[in-house]
Amino acid sequence: MSDASIDVKAETRLDLLVNFWKHFRTNKGAVIGLYFFIGLILVAVFAPLIAPHSPIEQYRDAFKAPPVWMEGGSWKFILGTDAVGRDILSRIIFGSRYSLFVGVVVVSIALSVGIFLGLLAGTFRGWVDTIIMRIMDVILAFPSLLLALVLVAILGPTLVNAMIAIAIVQQPYYVRLTRASVISEMSREYVMAARVSGVRTPRLMFKTVLPNCMAPLIVQAALSFSTAILDAAALGFLGVGAQPPTPEWGTMLAESREFILNAPWIMAFPGFAILITVVAINLIGDGLRDALDPKLKRS
Amino acid sequence: MSGDTILEARNLVREYHTKEGMFGKPVVTRALKGISFSLERGKTLAVVGESGCGKSTLARILTLIDPATEGELLIEGEPIDIRKDRLTRELRRKVQIVFQNPYGSLNPRQKVGDVLTEPLKLNTDMNEQQRRDFAMDMLVKVGLGPEHYNRYPHMFSGGQRQRIAIARALVLKPKLLILDEPVSALDLSVQAQILNLLADLQEEFNLTYLFISHDLSVVRYIADKVMVMYFGEVVEYGTRDAVFENPQHDYTKTLFNATPRADVEHIKARLAAAHS
Ligand SMILES: Nc1ncnc2c1ncn2[C@@H]1O[C@H](COP(=O)(O)OP(=O)(O)O)[C@@H](O)[C@H]1O
Ligand SMILES: [Mg+2]
C-alpha cells in the first residue's frame, strides 16, 4: 500500500466555510440568534425607512400614550410614547444603530489592540510580557463597570468616551487569550520550521502564528460584543454614556425610570430590546465556539 | 581528519535555565555536556540515544535555531555564533531540518504550495513563477504530484506530510540536512519508503545527513558513521561497522542487547516485506 495514493478532493476556503456552516447549523439557538442579529442589522441600516416617526419629535398631544393593545392605545404609536411624547418604537429602531455601533467599535478596538499586545507578550516574553500582563492584571482587579465609570468621569460623558472606556475594560481578556494561544503555538514544530525557513519575528507573529490563534478570539469577540452593548446601556442608564435626546437604549431606560409605576411600557420596551439582543448574540457566540473550537465545547 | 569536512562541532554545551513555579529556585539542565564531532560531505552520521539524552537539543543548535551555551560550531570551515552575528541568507540555506512529528511540523493554515515557496520567497531572488515551478518540481521529486500543490496539510497522511516536510527542507538546496527521528512516527511500511526516498535524494543532491534515531535497525541501514549519546555526552563515535561489531562503552552494549533484532538479515527481510 503506497501512502502517496490516498487522494482527497482539493479543499478551498469556500469548502472550509461550508464545513463551518454545517457545524454551526446543528446549534438551533445559534441559528435563531443569527437570524435575529441579521434582522437587527437590517433594522439599523434601514431605520429611517422603517420607523413610523422621527425618534426625537415630541407629540405634545400624546404624552405617555400606552401601546396599541392597552386601553387608550392607538395604531399611531404602536409601542406608545414616552413622557415627552416621543414614539417609543421609532426610538428603539434608531437605538439599534447605537447599540450595533458600540458593539462594533468596542470589539474592533479591544480585539486589535488585544491581539497586538498579546502577540508581543507571547512572542518576546521576559520583561515585555511582565509589563503588559501586570497592567492587564491591574485593569482586571477593578470591577469592570466601576472602572469604566471612572474612566468616563475622567474623559467626559459622551458615547465615544464610553466606548473607549469599555474597550479598555475588555482589553485584558483579549490580551490573555492571545498570549496563551501564542505561547502554546510558539512551541510547536511548525514555528521552528518556519524560523529555519528564514521567517523573521514580525512575519512569524502575524502570518505564521496569529491565524492559528484566531478561533478562541472570534468566540471571545462575539461574546464581548454583547457585553459591550450591555455596558454601554449601563453607562447610559447611569447618565455618563450617550446623552439625551439620543435614542440609546440604556439612556432611554434612565429617562423613564421615574414612570415605572404609572407608565411601565416606557421602561419595558428598551429593556426588552437590550435583553433580546444580548441573548441573541450570546447564542451566536456559543454556536461559534462549538463550531470553531471543539476543545472549548462544554461536554 | 583531512577529508572534506562540512560541519565541525567543538565541545558544544547547552544549558537550559528553568524556574520551578513563580518563586521556585532556578534549575539548570545540562542537556549537552561538551559534544565534539565532524561531518564529512555526502556521508550520513547517525546519532543514537534514548529519549531525553539531548538529541533534539543538538539538532536545534546545528540548525542554528538555538545557540549553544559554550563551544564552537564550524560550517564549511567558517565559525558561526548566532548570538553575535545575524544569520545571512547563504548560511540559512546551508542547513535545513526535518522534524520527527509530521503532524506538528506543518502549519495547519498553510497550503502545501505556500509551505514550499515561502523559504524561496524569503531567501532567494526568484520571481513568483520561478518559485512555483521549482516547488512543483520538488513535490514530484519527493513522490507527490502537482495536484497536491493547493491542498492543506490536514488532507495528507503522515507519510505524505513527511514528504512535504522533506521537500520544504530541500527547496533551499541545503548542503546539510538534519533529520530528527524523521521516521519514528510512521508505520513500518511507510518508514521504508521514506528511508528509500532519503537515500535517493542524498545521491541526487549530494546531501550530508545527520540522522537522529533511537531505532538501531534504521541506523544500521542508513549510517556511515554512528555517534551514541548518553545523558548529553558522546559515549561512542566511529564508523558504523566498528560501533556495531565492537561497541566499547557499557551503555552501547546494553543498548544493542536491548534491541535483539538488529542484525542485517532481519532488516533486509523487514524492508523487503515492506516494499512488496
Ligand atoms: N526548551 C527546553 N527547556 C528546558 N529544558 C529542555 C528544553 N528542551 C529540552 N530540555 C531538556 O533537555 C534534555 C534533552 O532534551 P532533548 O534534546 O529533547 O532530548 P531527545 O531529543 O534526545 O529526546 C531533556 O532533559 C529535556 O528535559
Ligand atoms: Mg527528540
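The values are calculated or read from the model by the stated rules, or taken from the named source; none is laboratory data. Quick caveat: nothing in here was measured; it's all calculated off a predicted structure. Using ideal geometry, Cβ is built from the backbone for each residue, glycine included, and neighbour counts are taken over all protein chains shown. In case anyone asks, the SASA skips ligands and DNA or RNA and just uses the protein heavy atoms, side chains included. Shrake-Rupley method; radii C 1.70, N 1.55, O 1.52, S 1.80 Å.
Give A:Val68, A:Val31 a once-over and let me know the one that is more than 15 Å from the chain's Cα centre (by Cα) and over 18 Å from A:Val278 (Cβ atoms).
Result of the check over A:Val68, A:Val31: A:Val68.
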Next item on the list: Take B:Leu179 and decide whether it is open to solvent by less than 10 Å² (accessible area, probe 1.4 Å) and within 16 Å of ligand 2 (Cβ to nearest atom).
Entry: yes
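Going through segment B:178-203 one residue at a time, which ones are away from ligand 1 (no atom under 16 Å from the Cβ) and in a loop (DSSP other than H, G, I, E, B)?
B:Leu186, B:Asp187
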Check: Which residue out of B:Gly42, B:Gly54 is under 15 Å from the mean Cα position of the chain (by Cα) and within 16 Å of ligand 2 (Cβ to nearest atom)?
Finding: B:Gly54
Next item on the list: Looking only at segment B:18-31, decide whether some residue is within 15 Å of ligand 1 (Cβ to nearest atom), part of a strand (DSSP E or B) and within 14 Å of another protein chain (Cβ to nearest Cβ).
Entry: yes
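For segment B:93-116, which positions are farther than 18 Å from B:Phe205 by Cβ, touching a residue at least 40 places away in the same chain (Cβ under 8 Å) and more than 16 Å from ligand 2 (Cβ to nearest atom)?
Within segment B:93-116, B:Leu106, B:Asn107, B:Pro108, B:Arg109, B:Gln110, B:Lys111, B:Val112, B:Val115 meet the criteria.
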Next item on the list: Please enumerate the residues belonging to segment B:76-96 that are aliphatic (A, V, I, L, M), open to solvent by 30 Å² or more (accessible area, probe 1.4 Å) and more than 10 Å from chain A (Cβ to nearest Cβ).
Entry: B:Ile82
Next item on the list: From (1) away from ligand 2 (no atom under 16 Å from the Cβ); (2) open to solvent by 20 Å² or more (accessible area, probe 1.4 Å), pick out the condition that doesn't hold for B:Leu201.
Entry: (2)
Note to self: Could you check segment B:215-238 and list, in sequence order, the residues that are open to solvent by 70 Å² or more (accessible area, probe 1.4 Å) and of a type outside the set (Phe, Trp, Tyr)?
What the structure shows: B:Glu233
Next item on the list: Scan B:Ile65, B:Ile61, B:Ile35 and give me the residue that is within 16 Å of ligand 2 (Cβ to nearest atom) and assigned to a loop (DSSP other than H, G, I, E, B).
Entry: B:Ile65
Note to self: Between B:Gly71, B:Gly77, which is at pLDDT 90 or above, on the phi > 0 side of the Ramachandran plot and of a type in the set (Gly, Ala, Ser)?
What the structure shows: B:Gly71
Note to self: The conditions are (1) away from ligand 1 (no atom under 14 Å from the Cβ); (2) within 20 Å of B:Ala31 (Cα to Cα), and B:Arg220 fails exactly one of them. Which is it?
What the structure shows: (2)
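Taking the residues in segment B:210-259 that are part of a loop (DSSP other than H, G, I, E, B), within 16 Å of ligand 2 (Cβ to nearest atom) and more than 20 Å from B:Leu198 (Cα to Cα) as candidates, determine which candidate is farthest from the chain's Cα centre (by Cα).
Among those that are part of a loop (DSSP other than H, G, I, E, B), within 16 Å of ligand 2 (Cβ to nearest atom) and more than 20 Å from B:Leu198 (Cα to Cα), it is B:Phe231.
Does B:Glu90 qualify as being of a type in the set (D, E, K, R), more than 16 Å from ligand 2 (Cβ to nearest atom), farther than 28 Å from B:Ala223 by Cβ and modelled with pLDDT of 90 or more?
No: the conditions fail for B:Glu90.
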Note to self: Cβ-Cβ distance below 7 Å, separation of 6 or more or different chains: which pairs start in segment B:226-246 with a residue that is closer than 17 Å to B:Asp215 by Cβ and end on one that is assigned to a loop (DSSP other than H, G, I, E, B) and within 16 Å of ligand 2 (Cβ to nearest atom)?
What the structure shows: B:Val228/B:Gly49; B:Met229/B:Gly49; B:Met229/B:Cys53; B:Met229/B:Gly54; B:Tyr230/B:Gly49; B:Tyr230/B:Cys53
Next item on the list: Could you check, for segment B:164-174, whether at least one of its residues is at the interface with chain A (Cβ under 9 Å from one of its Cβ atoms) and over 29 Å from B:Thr124 (Cβ atoms)?
Entry: no
Item checked: In segment B:39-63, the residues that are away from ligand 1 (no atom under 16 Å from the Cβ) and either over 12 Å from B:Leu177 (Cα atoms) or hydrophobic (A, V, I, L, M, F, W, C) (or both) -> B:Leu39, B:Glu40
Note to self: Being in a loop (DSSP other than H, G, I, E, B) and within 16 Å of ligand 1 (Cβ to nearest atom): is that true of B:Gly71 here?
What the structure shows: no
Next item on the list: Would you mention how many residues in segment B:97-108 are out of contact with any Lys or Arg (no Cβ under 9 Å at 6 or more places or on another chain) and either among the aromatic types (Phe, Trp, Tyr) or surrounded by fewer than 18 Cβ atoms within 10 Å (Cβ to Cβ) (or both)?
Entry: 2
Notebook entry, point to check: Identify, please: which residue in segment B:55-75 is away from every other protein chain (no Cβ under 11 Å) and touching a Lys or Arg at 6+ places or on another chain (Cβ under 7 Å) and is, among those, most open to solvent (accessible area, probe 1.4 Å)?
Noted result: B:Glu72
